[in-house]
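Worksheet: the structure to be examined is printed underneath.
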Amino acid sequence: MVDCVVIGTGAAGVSAALTLNALKVNFLWIGNKDLSIKIRSAEKIKNFPGLHNVSGEDMKDVFLRQAQSEGIEITDGKVNGVYPTDGGYSILCGKDVYETKTLILATGVEAVKPVSGETEFLGRGVSYCAVCDGFLYKNKKIAVAIESEEELEEVKLLAQYADTVHLICIKKRVECNLDNVIVEDGRLTQIKGDMRVKSVVCGDREINVDGVFILKQAIAADSLVHGLKASGGRIEVDRSGATNLSGIFAAGDCTGRPYQYAKAVGEGNVCAYSVNAYLNSLK
Ligand SMILES: Cc1cc2nc3c(=O)[nH]c(=O)nc-3n(C[C@H](O)[C@H](O)[C@H](O)COP(=O)(O)OP(=O)(O)OC[C@H]3O[C@@H](n4cnc5c(N)ncnc54)[C@H](O)[C@@H]3O)c2cc1C
């Protein structure tokens, strides 16, 4: 069991990881080896102290070099669920499970709103994880909604199990030339069913499916952690970054506006100190 898991490798996650490392907290940092699309996508940044007029790419390089030079490693993966245990939390990340006493959520803000039926059918035909749930759909018909080309590997994995994959692109069209993958034209607007998922509405068509995989860069935090208090997609925190759940803290865009690097970095730092104080209070 580690003392802390940080989920997210954006500005908030970088800051939390650097400070946890300086405080000598035993932690695991889960996210993307290339940090965050949001960090990388800014054209020019003029309001971050110490880095004037840099591009998002440059900022990512600086962040990454700093973390690497401190010997901090990123565990590449997407967290699909957080579950309470006796001494803390279990973190489900693909097919791996990590045990931790505390958690810092630095997952950014969800760019894509959940579609109608997504939350309702979560665990009843809606899944966020190809690795965890793909085998459930052997020889079945599924819909897979993806945000970008980054999710194509997961689509290929699902195509190995399923009879037919209806691929629905959330943003721009992504091609996939596997025989059993049909790239649909419309947008995913609704997931329908009764006890379980029965169909999806895509553009002006309703397609019968046994399950739906929604593969996005970020999953709404309250879907990730059951019982987490959030409103309008923002996690509710106090000034220490504490959420309503004991041992869980949150930093950055996921706690609300303003969506800014400096705010994310500040909150990541505060959360690391709060985690340290919380761990000391357990001793
Ligand atoms: C085009 C653009 C330009 C911008 N320009 C500026 C600017 O000039 N100045 C400024 O201050 N701000 C700017 N911003 C805003 C800034 O990028 C964000 O405020 C900042 O990146 C927030 O950092 P964060 O760590 O909270 O979230 P993010 O940077 O979004 O990072 C979240 C991380 O969490 C990961 N993650 C999410 N869910 C999971 C999961 N389940 N498992 C594992 N990892 C997960 C994501 O992959 C990502 O790595 C800009 C944003 C954009 C899009």
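Would you mind counting up the charge near E206? Only other residues with Cβ under 11 Å from its Cβ, with Lys and Arg at +1 and Asp and Glu at -1.
Net charge in that neighbourhood comes out at +2.
Spin-label point model (7 Å from Cα, Cβ direction): what's the D58 to K156 distance in nm?
In this crude spin-label approximation the distance works out to 3.6 nm.
Tell me, which cysteines of the chain are without a disulfide-compatible partner by the Cβ under 4.7 Å rule?
That list is C4, C93, C169, C176, C202, C254, C271.
Which lysines have a Cα lying under 27 Å from the Cα of K192, excluding residues fewer than 8 positions away in the same chain?
K78, K113, K138, K140, K141, K156, K171, K172, K216, K229
Want the number for R239 to E206: 0.36 nm per residue separation, take away the alpha-carbon distance, what's left?
Here the segment from R239 to E206 would lengthen by 7.3 nm.
Calculated FRET efficiency, D179 and L282, Cβ-Cβ r, R0 45 Å, to nearest 0.05?
Once the sixth-power term is evaluated, E becomes 0.25.
Can you give the longest run of the chain that contains no GluC sites (Glu not before Pro) sitting in a DSSP loop with at most 10 other Cβ atoms inside 10 Å?
44-174
Rounded to the nearest 500, what is the 222 nm mean residue ellipticity of the chain from helices alone, with -39500 (n - 2.57) per DSSP H run of 4+ residues and division by all residues?
Value at 222 nm, helices only, nearest 500: -7500 deg cm²/dmol.
Indicate the gyration tensor shape class of region 147-277 (rounded, prolate or oblate), computed on the Cα atoms with a ≥ b ≥ c the square roots of the eigenvalues: a/c under 1.5 is rounded; otherwise a/b larger than b/c is prolate and the rest oblate.
Prolate, because a/c is 1.5 or more and a/b exceeds b/c.
Please give the length that would be gained between Q66 and S116 if that part of the chain were fully extended, namely 0.36 nm times their separation in residues minus their C-alpha to C-alpha distance (nm, one decimal).
In short, 13.9 nm is gained.
Counting pairs of alpha carbon atoms under 8 Å apart in space and at least six apart in sequence, what relative contact order in percent does the chain give?
21 percent
Round to the nearest 0.05 the FRET efficiency obtained for K24 and K46 when R0 = 41 Å and r is the Cβ-Cβ distance.
Taking R0 as 41 Å, the efficiency between K24 and K46 is 0.70.
Whose amide H sits under 5 Å from the amide H of K78, counting only residues 5 or more places off or on another chain, with H placed in the peptide plane?
Answer set, sorted by chain and number: G94.
State, in angstrom, two size descriptors of the chain derived from its alpha carbons: Rg to one decimal place and Dmax to the nearest whole number.
Answer for the chain, Rg first and Dmax second: 19.3, 59 Å.
Under the 0.36 nm per residue contour assumption, what length would be gained going from the current alpha-carbon distance of D163 and T189 to full extension?
Roughly 7.1 nm would be gained on extension.
Divide the volume of the convex hull of the Cα atoms of region 126-215 by its number of residues and quote the answer in cubic angstrom per residue.
Dividing the Cα hull volume of region 126-215 by its residues yields 82 Å³.
Where a number appears in this text, it was derived from the coordinates with a stated rule and is not lab data. Just so we're clear, the structure is a prediction, and the values are computed from it rather than from any experiment. In this analysis, Cβ positions are derived from the backbone assuming ideal geometry, glycine residues included, and neighbour counts consider all displayed protein chains.
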